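The values are calculated or read from the model by the stated rules, or taken from the named source; none is laboratory data. Small disclaimer: the values here were computed from a predicted structure and weren't measured. Positions of Cβ are backbone-derived with ideal geometry, glycine not excepted, and every protein chain shown enters the neighbour counts. The protein model used for the area step is the full one, side chains on, heavy atoms only, and it has no ligands, DNA or RNA in it. Shrake-Rupley method; radii C 1.70, N 1.55, O 1.52, S 1.80 Å.
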Amino acid sequence: MLRAKKTEIVDSLRDVFSDAGVVVVTHYQGMSVAEVTELRRGMREVGARFRVTKNRLAKIALADTPYSSLADLFTGPTAIAFSSDPVAAPKAAVGYAKRNEKLAIIGGALGGSLLTAQQVRALADLPSIDEVRAKLVGLLTTPAARLVSVLQAPGGQLARVLAAHAEQGGPD
């Protein structure tokens, strides 16, 4: 590989490591092209990415980034899953690893904190940011909807009483 191409790859990886909210390090030994393509498709659907890396270039790119503690994990057939959402990449990677034993979760990092494989699996069990936002919106709108129904109830009851009174031929 030409030196210019290696520099381009290192710069690209450095951008990934600088901008990512979470990085999951995996081993993908024995996976076919079709399986990797399926994994990448699943990652894209949740807003994450999956990238096969060259270990030496990845270690160079990790220097002076928040994820420099990951350098020791880059041995063997290594690939990274990453996303800005701290739950998307772990959730997609762990979900795929449960269906296909060829993908092994080695570890990861969240911010500057190194995570073990078990901690990555625990992170995958958390709801995504979109799920948390949806629950929060639901919690915020429920009291408002109840308040509107409570405020409308007396007016509705009064209208029903007056309508019933009018039907009975109340006083003229």
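Listed values, structure above:
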{"quantity": "The chain - percent relative contact order, Cα under 8 Å, separation 6 or more", "calculated": "26"}
{"quantity": "Set of lysines near K135 by C-alpha distance (under 23 Å), chain-local residues within fewer than 8 positions excluded", "calculated": "K91"}
{"quantity": "Pairwise FRET efficiency - L136 versus V36, Cβ, R0 = 35 Å, nearest 0.05", "calculated": "0.45"}
{"quantity": "Helix 33-45 axis, angle to the chain major axis (alpha carbon atoms, nearest 10°)", "calculated": "40"}
{"quantity": "Of all accessible heavy-atom area on the chain, the percent that carbon and sulfur account for (1.4 Å)", "calculated": "58"}
{"quantity": "Among 44-51, 127-134, the order from most to least packed when residues are scored by Cβ within 10 Å on average", "calculated": "44-51, 127-134"}
{"quantity": "Principal-axis tilt of helix 129-167 within the chain, Cα atoms, nearest 10 degrees", "calculated": "10"}
{"quantity": "Highest-MSF residue in the chain out of P86, P143, P77 [GNM, Cα springs under 10 Å]", "calculated": "P143"}
{"quantity": "Protection-proxy order for peptides 64-70, 21-27, each taking the mean of Cβ atoms within 10 Å per residue, highest first", "calculated": "21-27, 64-70"}
{"quantity": "Listed values (i) 1.00; (ii) 1.27; (iii) 1.40, entry calculated as Rg/Rh (Cα atoms, Kirkwood Rh)", "calculated": "(iii)"}
{"quantity": "Lysines with Cα under 27 Å of K6, excluding same-chain neighbours fewer than 8 positions away", "calculated": "K54, K59"}
{"quantity": "Residue-wise HN-Hα coupling along the range 103-114, computed from phi with Karplus coefficients 6.51, -1.76, 1.60 (Hz; x: Gly, Pro)", "calculated": "9, 10, 7, 9, x, x, 8, 10, x, x, 8, 6"}
{"quantity": "Cα-based helix-to-principal-axis angle, 3-19 vs the chain, degrees rounded to 10", "calculated": "30"}
{"quantity": "The range 13-172, dipole about Cα centre (Lys/Arg Cβ +1, Asp/Glu Cβ -1), debye to the nearest 20", "calculated": "600"}
